[in-house]
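Undergrad: First the structure, then my questions, so here it is.
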Amino acid sequence: MAKAKKPKLAVWKFASCSGCQLSLLDCEDELLAIAETLEIAYFPKASSAVKKGPYDLSLVEGSITTPHDAHRIHEVRKVSKTLVTIGACATAGGIQALRNFKDVKDFISTVYVSPQFIQVLDKSTPIADHVFVDFELRGCPIDKHQLLEVVNAFLNKRKPIVPPYSVCMECKRRGIICVMVAYGTPCLGPVTQTGCGALCPSYHRGCYGCFGPQEKSNTSSLAKWWKTLNVSEDNLVRAFRGFNAWADSFRKESEVHEK
């Protein structure tokens, strides 16, 4: 009896630091288990061996920042039966989306000796702004356990189970004292989706919003609370313009406080 063909996995990179791909490589033993159930057909970060598509599952890291990117993502979508974006760059434009709030031409002329050779879009945008995305996995970088859950869900033809609640819920579950209440430390935890295990609050630091805004996050209420902690308007803008600056609720809240 002939063996059933393994589903083909492809991992793609656009504008990013490759940290989310490294999270996949960091799976180590689990990656070996993945290789037993999936054929890793395209993953330049891990192997130079390439097998042609179509691919059953594509993991896409990075934002769209150049005309070439904008064209290539459509090609990736065509050869991908299921497309999952991984990380803040792919789901919210990434830290490079900070340029979206200014005129990118000013940066190019300042940084590059020969700006005429730079071909770049005015904005850094998430993958979902360009093609249909089957699932978005957030984080800067993504959590490897959540990534394994997404792969497991794909293999078992079900929806991934990724917690939708805020970092505050994770703090309560772990018995971590609220840094805002106890120490007066500004923290984005109330408006940020969990995924990191409340890493920063566990070290008495405020959350930086690495996993992006929680669904229906009340950013205006949090901003008012921060003002009672003597946080300036400029620092409120900086707080919401981090790894997920172009995510809708973070973007809108930062613009409210921009002079």
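FYI, it's all coordinate maths here, none of it is from the lab. Keep in mind that what you see is a predicted model, and the values were worked out from it rather than measured. For neighbour counting, all protein chains shown are included, and Cβ atoms are generated from backbone atoms with ideal geometry for every residue, glycine included.
Undergrad: Figure the gain on full extension for R205 and K102 (residue separation times 0.36 nm, minus the Cα-Cα span) and round it to one decimal in nm.
TA: 34.1 nm
Undergrad: Then there's this: Using a 10 angstrom Cβ neighbour count of at most 10 plus a DSSP loop assignment to flag exposed GluC sites (Glu not before Pro), which longest range of the chain is free of such sites?
TA: 29-214
Undergrad: Which order do S16, S221 fall in if you start with the one that has the fewest other Cβ atoms within 10 Å?
TA: By the 10 Å Cβ count, ascending: S221, S16.
Undergrad: On to the next question. Where does the chain land at 222 nm, in deg cm²/dmol rounded to the nearest 500, when only DSSP H runs of n ≥ 4 count, each adding -39500 (n - 2.57), divided by all residues?
TA: The helix-only estimate for the chain comes to -10000 deg cm²/dmol at 222 nm.
Undergrad: Quote the charge dipole size of the range 192-259 about the Cα centre in Debye, to the nearest 20; the model charges only the Cβ of Lys and Arg (+1) and of Asp and Glu (-1).
TA: 120 debye
Undergrad: Any idea what angle helix 219-228 forms with the longest principal axis of the chain, computed on alpha-carbon atoms, 0 to 90 degrees, nearest 10?
TA: That works out to roughly 40 degrees.
Undergrad: Same structure again: Using a cut-off of 16 Å between alpha-carbon atoms, which aspartates and glutamates can reach K13, once sequence neighbours fewer than 8 places away in the same chain are excluded?
TA: By straight Cα distance, K13 reaches E61, D69, E75, E136.
Undergrad: Determine the principal axes of the Cα atoms in the range 167-256, then give the extent along each, sorted from largest to smallest and rounded to whole angstroms.
TA: 34, 26, 19
Undergrad: Same structure again: What is the distance in Å between the Cα centroid of the range 193-229 and that of the range 39-67?
TA: The range 193-229 and the range 39-67 have Cα centres spaced 33 Å from each other.
Undergrad: Once phi is turned into θ = phi - 60°, what whole-Hz ³J(HN,Hα) does the Karplus curve with 6.51, -1.76 and 1.60 give for every residue of the range 92-99, x standing for Gly and Pro?
TA: 9, x, x, 4, 5, 6, 4, 5
Undergrad: Can you pull out the trypsin sites (Lys or Arg not before Pro) in the range 154-214 that DSSP calls coil and that have at most 14 other Cβ atoms within 10 Å?
TA: K157, R158, R205
Undergrad: Which of the lysines could a cross-linker bridge to K259, judged by Cα under 23 Å and excluding same-chain residues fewer than eight apart?
TA: K102, K105, K123, K224, K227
Undergrad: Additional query: Return the ratio Rg/(2.2 N^0.38 Å) for the range 83-172, where Rg is computed over Cα atoms only.
TA: 1.43
Undergrad: Can you put M169, M180 in order of Cβ neighbours within 10 angstrom, beginning with the fewest?
TA: M169, M180
Undergrad: Roughly how compact is the range 8-155, stated as its Cα Rg over 2.2 N^0.38 Å to two decimals?
TA: The reported ratio for this selection is 1.09.
Undergrad: While we're here: Taking only Cα atoms, what is the 0 to 90° angle, nearest 10, from helix 144-155's long axis to the longest principal axis of the chain?
TA: Taking the Cα atoms of the chain, the angle to 144-155 is about 40 degrees.
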